[in-house]
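The values are calculated or read from the model by the stated rules, or taken from the named source; none is laboratory data. Bear in mind that the values here come from a model prediction, so they are computed numbers and not experimental data. Glycine also receives a Cβ, built like all others from the backbone with ideal geometry; neighbour counts cover every protein chain displayed. Protein only, heavy atoms only, side chains kept; ligands, DNA and RNA dropped before computing areas. Shrake-Rupley method; radii C 1.70, N 1.55, O 1.52, S 1.80 Å.
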Amino acid sequence: MTHRRAVALMVLVTLLWSIAGVVARHLEAAAGFEVNFWRSGFNALALAIGLTWLRGPGLWAGLLNAPRIVWISGLCWAVMFTAFMLAITMTTVAMVLVTMALGPMITALFARFFLKQRLPLRTWLAIALAGLGIAWMFGAEAPAGARLLGSLVACAVPLAAAVNWTLLQKTGQGGDAGPDMLPAVLIGAVLSALCTLPLAWPLQATTHDLGLLALLGVVQLAIPCLLVVRLTRVLPAPEIALLALLEVIFGVAWAWLWAGEQPAVSVLAGGGLVLFALIFNEGLALRQRASGTFS
C-alpha cells in the first residue's frame, strides 16, 4: 500500500468515526451505559463474523493463545470504545472531540520515548499548531457550561489511543512477522459490552434505537477500526494520531448541521487551525518524498 493511499484511507476512517455524536443525538430511549453496550455488542458481532470469514475457525482457538500484547491492545480498545460513548452522552460532541484531540501530542511523546522514533520537525510543528487550535476550541467550550465529568471521561480516550497506536506501531515494525493485531479489536468490543451490560440493565432501547446503534457498531466502529489496524503497518503512529484529528472537524460539523449543536466562532477558528496543521504536515511530507529527502 502506498503512503498516499494509506492517508486517503485514514481520512475515510476519521469520517466514519465522526458520525457517532450526531447519530447518538437521535436516539429515543437508550442512554448512558446502554448506548455503549449495544454499540459495542453490535461491533463485536460484526467483527466476529468478519474475522471468522478472514481467519477461519482457527480465530477462536488463536484468541486463547494470543500474545499478551494482543490482549493489552484489546484492553485499550475497550477503554476507547467505552469512554468515548459515555462521554458523548454526558457532554457536547464538540467538547468530547476536542478533548480526544490531545491524542497526537501524547502519541508523539510515547513514540519518541518508547519506540525511539525521530520525529520530523514538520510533525512537531504541526502538533504544536494543532494543539493551539485545540486549546482555542477548549477555551470557547469550557465556559459554556459543558459538564466537567464528561470531559474527564473523554480524557481516557486519547490516553488509551496513544498506548494503542504505539503498541500497534511496535508490532508493525517487525513486518509480517509481528502478531496478528486484528483480534484485539474484537477483544476490546467484547470487553466493552460485557463490562457495561450490568450497568445498562434494564434495557430500554426502542427498535429505532437498535437500528441506529447497529449502524454505529458496524459502520462507525467495526469497519474503520479494522482499517486503522492495517494502516499502522504503513503510517507512523504520530501521523495516524494527527490525521485522526480530522474526526474533530467532521464530528463538530455533523453535530452542528444535523443535531443543532452549534459551536462558537472560536471553536470554528480552532478547528481551522487543526485542519491547517494537517494540510501543512501532509503537504511537506509529499514534497519531501518527491525530492527524495523524506526522513
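Do we have any residue at all in region 27-36 that's on the phi > 0 side of the Ramachandran plot and either modelled with pLDDT under 90 or of a type in the set (D, E, K, R) (or both)?
Yes: one or more hits.
Scanning for something within 18 Å of residue 129 (Cβ to Cβ) and not polar (S, T, N, Q), does region 192-199 turn up at least one residue?
no
So, of the residues in region 269-285 that are touching a residue at least 12 places away in the same chain (Cβ under 8 Å) and farther than 21 Å from residue 117 by Cα, which turns out to be most open to solvent (accessible area, probe 1.4 Å)?
276
Suppose we keep only residues that are surrounded by fewer than 18 Cβ atoms within 10 Å (Cβ to Cβ) and outside any helix (DSSP H, G or I) within region 178-219. Which one would you say is modelled with the lowest pLDDT?
Restricting to residues being surrounded by fewer than 18 Cβ atoms within 10 Å (Cβ to Cβ) and outside any helix (DSSP H, G or I), the top hit is 178.
Can you tell me how many residues within region 1-38 are charged (D, E, K, R) and outside any helix (DSSP H, G or I)?
Counting residues in region 1-38 that are charged (D, E, K, R) and outside any helix (DSSP H, G or I) gives 2.
When both residues are 6+ apart or on different chains and their Cβ atoms are under 8 Å apart, which pairs have a first residue that lies in region 60-85 and is without any contact (Cβ under 8 Å) to a residue 12 or more places away in the chain, and a second that is not aromatic (Phe, Trp, Tyr)?
Close Cβ pairs satisfying both conditions: 60/52.
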